[in-house]
Amino acid sequence: MARENIYQPFEVFYERVDCCPLQNRLFNFFEFVFVISGEGYHIVNESKNSLKEGDLYLITPEDTHSFDLTSLSEFLVIRINTEYINQYNGINHLESVLYYASHLATSIITDSEDKELVKQLAHCLVQTTQHPKTYNCDLQRQYINAMMIIATRNLTSYTPQQLESKDERILEIVAYIQQNIYNLKQLTAQVIGDRFGLAPSYIGSYFFNQCGETMQQYITSYRLKLLKHRLLFSDYRIGEIAQEFYFTDESHANKFFKKHEGLSMSAFRKAQRKL
DNA sequence: GGGACTGGTCGTGGTTATCT
DNA sequence: AGATAACCACGACCAGTCCC
């Protein structure tokens, strides 16, 4: 399988192609792909979705992706290394939120006003690649940061695939859980019940009926996903990561991790980094 | 010596079945 | 939709061991 690397904080380029230049690529970076024009399909891992003008895709370092194009298509490609994202100070745990987009073959922008904003940003970025001028690199940096912020606010309102309910309240509850995933004290049945006007005693069965899994299962699997990413893409010590996720200590974090993954956090990190 | 890991106890809070 | 109660899983805390 082809593997691509970048050796600078970010890269921006315009592509006009009628077939995907590389199939099933693996990255060491995050990649935003904006569809300027074209028709075909976007394939991430095993998931295939039709693409359309104005879509913005996010491919994480764990994804393999490719395009199956049926016409001449134009793309704006933005590659950002994990170090750049880790050092971004504007949004807490930005890389974890972006990482959550893993496996999404669909556009990550769901808000109609944001779609327009992304389109304008993409247009500006294309211009910087086609007309080299002084400070273009600094300009690109600002545009990319704006793009990341818009992507993040759309991703934080992303709902699980199992969630087929049209009940707006459950969508709000899921979004609330995602926003407060680092603060479990805000995720008790009492707090959520008070906030969304449901009896704490009823929250459990309500969530299960709407989502097909218990609220605790959902919170646990989401935390695990973020925790695994933190282990893989940061050099923080186990204790520091445990603290970040509001575990009382690494002992507790390790117990939690081992129970669900079958190996300790450090063993997981070692095993994954050998691959 | 510091970081990583294990195991035990206890209290809290979530799940679930049942009922109104 | 919501309340109740029993059960049990989880989190907090602590003591101790292992290992680089």
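Derivation of every value follows stated rules applied to the coordinates shown; laboratory data play no part. All values reported here derive from a predicted model rather than from experimental measurement. Please note: Cβ atoms are built from the backbone with ideal geometry, for glycine as well, and neighbour counts cover all protein chains shown.
Put a dot 7 Å past the Cα of A:THR70, heading toward its Cβ, do the same for A:ALA146, and the two dots end up 3.4 nm apart.
Percent of Cα pairs in the stretch A:168-273 per distance bin of 10 Å, from zero to the largest separation: 14, 43, 27, 15, 1.
For the peptides A:6-12, A:74-80, the ranking by mean Cβ contacts within 10 Å, running from highest to lowest, is A:74-80, A:6-12. Modelled label positions at A:LYS119 and A:ASP18, each set 7 Å beyond Cα in the direction of Cβ, lie 2.7 nm from each other.
Rounded if a/c is under 1.5, else prolate if a/b beats b/c, else oblate: with a ≥ b ≥ c from the C-alpha gyration tensor eigenvalues square-rooted, which is the stretch A:178-230? Don't skip to the answer; put the middle values down first.
Details: a/c = 3.08, a/b = 1.55, b/c = 1.99.
It comes out oblate by the Cα gyration axes.
In this label model, A:GLU39 and A:ALA175 are separated by 3.4 nm, measuring between points 7 Å along each Cα→Cβ vector. Stretching A:SER112 away from A:GLN190 to a fully extended chain increases their span by 24.7 nm, per 0.36 nm per residue minus the current alpha-carbon distance. Tell me the chymotrypsin sites (Phe, Trp or Tyr not before Pro) within the stretch A:240-271 that lie in a loop according to DSSP and have at most 15 other beta-carbon atoms within 10 Å. In loop regions of the stretch A:240-271 (DSSP not H, G, I, E or B), the sparsely surrounded chymotrypsin sites (Phe, Trp or Tyr not before Pro) are A:TYR246.
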